[in-house]
Amino acid sequence: MMGFSHAVSGAAVWVAVTTTMPGVGIAPLDPLGVLTGAAVCAGAALLPDIDHPSSTVATALPGGRVVAGAVSGVTGGHRGGMHSVLAVIGAILAAVALSFLVWTPPGWEQQLAVGPAIAAAVCIAVGTKCLRIARGWFASWTIGALSAAALMWWFPDQFGWLPACIGLGFVVHLVGDTLTTGGVPWLWPVMPRRPVAFRRTLLITRLWPSRGRFALPVLGNAGSWREWILTVALGLFAATGIVAAAVRLLAPLVA
């Protein structure tokens with residue numbers, strides 16, 4: 001999948017999980033959690049591509065291209081180890097670890113969740129840039145930093161969902177790439193060598209471990225017309241949930 005599709009998918013899945021209209025409400029949240037979580041999950045759905053020096057997330061971070069090169073070398077290149085179950089677990093554990101990075105200002109009783117705010121700022125900045133909500137990196141980082149700071153300052157309890165949100169974004173990215181011909185190595189570093197061919201159908205050509213990558217390529221190549229149809233549908237779904245959450249959030253203010 002292309003970066004824009006990944007970001008839209010992340011936002012859509014968060015809406016589906018945390019709302020009942022239009023989602024299924026597996027883990028319902030208040031409107032603020034839906035809105036901020038959608039932005040964070042959109043950015044988190046781009047994080048696996050830190051193994052590519054030209055990816056959105058790599059170009060977003062200071063020294064990101066150097067980091068991406070190092071990660072690529074360690075994990076076997078693009079769509080290597082960063083696109084695996086092991087990476088999902090690592091991302092969740094990293095988010096949990098960041099939850100212990102807190103600061104209590106002098107004279108305050110409430111701790112400020114500094115670590116989660118940093119993670120949220122990065123994800124929101126990357127997501128808003130990729131979704132073209134912000135034109136440039138200065139604007140996207142301003143949005144990310146201000147949004148995360150506001151949550152940290154006034155709504156510190158909102159960060160309880162952050163590890164799940166980042167983990168969900170990672171999984172959405174892997175699922176999206178699995179639906180293309182490139183596939184992903186879900187079981188990395190276990191790398192099956194012998195391809196396993198399945199019966200061909202109209203859209204599904206094969207499901208295989210080839211070079212360790214598994215694929216169910218119903219979308220064809222990344223950027224295909226099938227992918228863009230799916231992205232438009234997911235975008236409309238996400239927009240419906242986001243607008244509904246915004247209305248619920250603002251309703252008490254205008255009542």
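Read the figures in this text as sums done on the coordinates, not as results from a lab. Small disclaimer: the values here were computed from a predicted structure and weren't measured. Because the Cβ atoms are built from the backbone with ideal geometry, glycine has one as well, and the counts that use them run over all protein chains shown.
Of note:
- Positive-end extreme of charge dipole, the chain - chosen from 252, 44, 69 (charges on Cβ): 69
- For the chain, the mean residue ellipticity at 222 nm estimated from helices alone is -18500 deg cm²/dmol, where every DSSP H run of n ≥ 4 contributes -39500 (n - 2.57) and the total is divided by all residues, rounded to the nearest 500.
- For the chain, the longest principal axis of the C-alpha atoms and the axis of helix 3-18 are separated by about 60°.
- Ordering 130, 123 by the number of other Cβ atoms within 10 Å of each residue's own Cβ, fewest first, gives 130, 123.
- Order of 30, 51 under a 10 Å beta carbon neighbour criterion, fewest first: 30, 51
- Long-range HN-HN contacts of residue 214 with modeled amide H, under 5 Å: 184, 186
- One quarter of the convex hull surface built on the alpha carbon atoms of the range 68-125 amounts to 5.2 nm², the projected area averaged over directions.
- Oblate is the label for the range 1-107, because the ratio a/c of its alpha-carbon gyration tensor axes (a ≥ b ≥ c) is 1.5 or higher and a/b is not greater than b/c.
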